[in-house]
Amino acid sequence: MSAATAHRLDAMAGLALAGAIAAWWLGSTRLALDHGSDASRCADDALQALWLVRVTALAMVSVRVGALRGWRPGVTAGLGLIAPSWPVVVLAWSAGTRLATHVALAEVLLLAGSVGLPLVGLGLHRLLRKADLAVISGTVLGIALAASAWATHGMWYMPSP
Amino acid sequence: MSRWRWLLGLALCGLTDAIAQPRIDLAATPAWNGWSRPGRVTEVDIRLSADLATRATLDVAAGRQLVRANLDLEPGRIVRLQVPIESAAEVAVSAGSPAAPQQRREVGIALSESPLLAVGLATDEPVHLEGFHTVALGAEDLPRNASAYASIDALILDAPTLSALDQRQLGALLVHAAECGRIVILNADPRVRRVLDGTGGCGGRALMSASSLTDAKEMLESSLAPRMGPATALPGIGEFVRPDHVTWNRVLVIVAVYFAAATLAAMFFASLPVLLLVPALATAAILALLHVMQPSPQLVVWSEAETGATTARYQASQRFPSLVRGRARVPVLPQLASAQSCDPTQPMRFDFDASRGRATFAEFDTRLFQQISLCYAGSFPVARAIAIEARPDGLLQVRNAGGVGWPKGVLLAGGLVHELPALGPGDDAIIHSRSGKALRDALVRTAMARIQTDGAVALWELELDGVADIPPQSKAWLLVSIPPP
């Protein structure tokens with residue numbers, strides 16, 4: 001697969017994630033407005049979901065791509081996954097109760113993850129010296145990271161002010 | 001040596017003067033002897049004074065609402081103001097200035113689940129009305145804001161207590177009487193009766209005059225049996241104040257445009273800078289758009305009166321749709337009375353103008369999709385008298401029985417909506433009772449719900465063009481109920 005095609009696929013995957021959560025958020029907001037209930041809860045949930053889903057995708061893709069194709073393609077893949085959600089993040093923050101600093105910190109952590117996780121994949125490749133084994137190990141490690149993010153999301157759940 | 005002592009004494013005196021702080025005295029008394037009902041409005045009477053001239057800030061906090069007033073205090077002058085507030089178990093009144101320590105008073109409000117009967121008698125005769133909780137009052141316990149009468153459900157006043165009321169208390173009492181408040185005046189002299197006769201709303205049925213306490217109780221009991229006039233309440237006109245979807249539709253379009261643009265960018269440009277630039281620019285553009293597309297507030301006024309009544313009661317809702325996270329400061333409409341947050345759980349701050357005795361601005365936090373509303377309630381003079389005669393041939397003869405003409409409106413009778421032509425005083429029109437339309441939009445549904453059995457209502461849209469500071473998207477209706485013949 002060429003680098004351009006890979007960029008496109010990553011960006012499309014990021015857009016699909018953001019689009020699915022945006023559709024769910026706007027739908028639940030419309031229902032909340034129709035029923036006269038608080039729409040900010042939907043926005044807070046959407047922010048949380050955007051964070052969790054991108055952490056999961058990033059952990060699974062970045063480590064694997066880093067192991068398979070190196071650090072730079074890994075970073076590109078990670079950024080392609082997380083960046084398309086920014087407009088939805090801003091809209092959900094505007095409708096929610098989360099502090100701007102919390103949301104900004106979460107995005108910075110995701111950016112740091114997109115830079116750091118491919119290094120883990122690259123390290124695995126150099127450590128194991130076999131591409132196939134590195135890819136499998138990277139994928140397993142990414143899945144473990146994603147699973148731990150889901151399992152412990154209650155601990156770093158962004159509290160409302 | 002003595003000269004040095006004298007200079008030192010002078011310096012110390014000057015220093016004492018320089019560091020002298022004004023001392024603020026604060027007293028707060030609730031209306032109705034501290035009684036109210038949950039979700040109703042009451043009033044706190046506040047007295048403030050200072051021994052030195054100072055500018056003080058007064059805060060009255062009840063529930064999640066805060067009323068703030070800036071006051072210029074002068075030595076020897078007591079500033080007195082009556083602040084209408086939402087009833088809460090504890091009301092905190094505090095006053096302070098940069099130069100003076102803050103004074104704070106807690107005012108306890110007893111919230112009764114039972115209806116309240118307020119009794120202002122010069123004698124100590126016990127009064128009991130079944131199902132009511134009785135609150136004994138002196139003249140000073142009566143409020144000066146008509147909105148604070150919402151705290152009680154019935155009132156008995158004798159002549160001495162009535163004559164002890166000041167001008168503002170009398171004004172508030174008369175407004176309450178005009179708004180169909182149940183009031184019995186005991187042993188009123190003929191002059192007072194004549195004054196009160198024309199002021200009672202609901203055809204004067206709510207304002208009663210009794211010669212003894214037993215009569216007063218019987219009158220109140222019999223007045224509880226029928227429904228007292230049209231009970232205007234915002235839940236009843238909920239269909240008008242439902243949030244609209246303009247903001248949601250706009251956000252949907254913004255999101256759709258972004259995803260379309262980002263998909264096109266991903267299809268035609270594969271470089272990382274472009275894939276990063278598109279969402280970054282879109283984020284900035286969305287933030288800018290949210291700030292630019294501020295929707296205007298909307299006002300809905302729903303008023304009701306009985307045919308021939310001199311006053312109509314109204315409920316109004318002013319909605320502020322918001323798009324951005326921030327804080328809004330909006331003017332309170334001066335033409336409408338008793339401004340308060342429609343949602344008691346919504347934190348809101350009101351700026352109170354002590355000289356005019358009313359809130360002037362409201363401040364609250366905003367966010368996307370949030371629709372904060374200010375509710376108003378009050379009454380205004382009206383002159384609409386309609387006489388309807390059902391003829392055996394199935395025709396309705398509608399006559400303007402008042403002294404003032406009315407514009408075109410609609411008549412709702414027999415479950416149908418009829419066009420009501422503009423009629424001058426004394427003019428009449430014939431309406432075919434079966435020729436009406438079976439419309440069921442939000443307006444008709446709300447109006448239909450107000451019709452008494454076999455009765456009818458007339459509905460007019462009110463013109464608000466001449467009213468200053470009214471939001472452009474405002475609507476107002478007047479419903480006049482016509483009892484069954």
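Values computed for the structure shown
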| read-out | value |
| --- | --- |
| Summed buried accessible surface, chains A and B, 1.4 Å probe, nearest 100 Å² | 2900 |
| For the protein assembly as shown, calculated [θ]222 nm from helices alone, where every DSSP H run of n ≥ 4 adds -39500 (n - 2.57) | -12500 deg cm²/dmol |
| Of all DSSP beta bridges in segment B:71-145, antiparallel share, percent nearest 5 | 65 |
| Distance in nm between pseudo-label sites at B:VAL324 and A:ALA4 (7 Å out along the Cβ direction from Cα) | 4.1 |
| Chain B: antiparallel DSSP beta bridges as a percent of all, rounded to 5 | 75 |
| Cα gyration tensor shape for segment B:19-115, rounded if a/c is under 1.5, else prolate or oblate | prolate |
| Heavy-atom accessible area per residue - the protein assembly as shown, 1.4 Å, Å² | 47 |
| Rounded if a/c under 1.5, otherwise prolate or oblate - the protein assembly as shown, Cα gyration tensor axes | oblate |
| Relative contact order computed over segment B:433-485 (Cα-Cα under 8 Å; 6+ residues apart), in percent | 39 |
| Three-way shape call for segment A:1-47 based on the alpha-carbon gyration tensor, with the a/c threshold at 1.5 | prolate |
| Residues B:GLU218 and B:GLU419, FRET efficiency given R0 of 60 Å [Cβ-Cβ distance, rounded to 0.05] | 0.85 |
| Fraction of accessible area attributable to carbon and sulfur, the protein assembly as shown (%, probe 1.4 Å) | 61 |
| Interface residues, segment B:277-310 - accessible area loss of 20 Å² or more versus chain alone, probe 1.4 Å | B:PRO279, B:THR283, B:ILE286, B:LEU287, B:LEU290 |
| Positive-pole candidate from B:ILE286, B:PHE320, B:SER94, dipole of chain B, charges at beta carbon | B:ILE286 |
| Rounded to 5, the percent of DSSP beta bridges in the protein assembly as shown classed as antiparallel | 75 |
| Charge context of A:TRP71, other residues only, Cβ under 14 angstrom, K/R +1, D/E -1 | +4 |
| Burial of 50 Å² or greater, segment A:66-98 residues [accessible area, probe 1.4 Å, versus chain by itself] | A:TRP86, A:PRO87, A:VAL90, A:LEU91, A:SER94 |
| Inter-chain Cβ neighbour average for residues A:23-35, partner chain, 10 Å | 3 |
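The values are calculated or read from the model by the stated rules, or taken from the named source; none is laboratory data. It should be emphasised that the depicted structure is a prediction, and the values quoted were computed from it without experimental measurement. Positions of Cβ are generated from backbone atoms using ideal geometry, with glycine treated the same way; all protein chains shown enter the neighbour counts. With ligands, DNA and RNA removed, areas are computed over all heavy atoms of the protein, side chains included. Shrake-Rupley method; radii C 1.70, N 1.55, O 1.52, S 1.80 Å.
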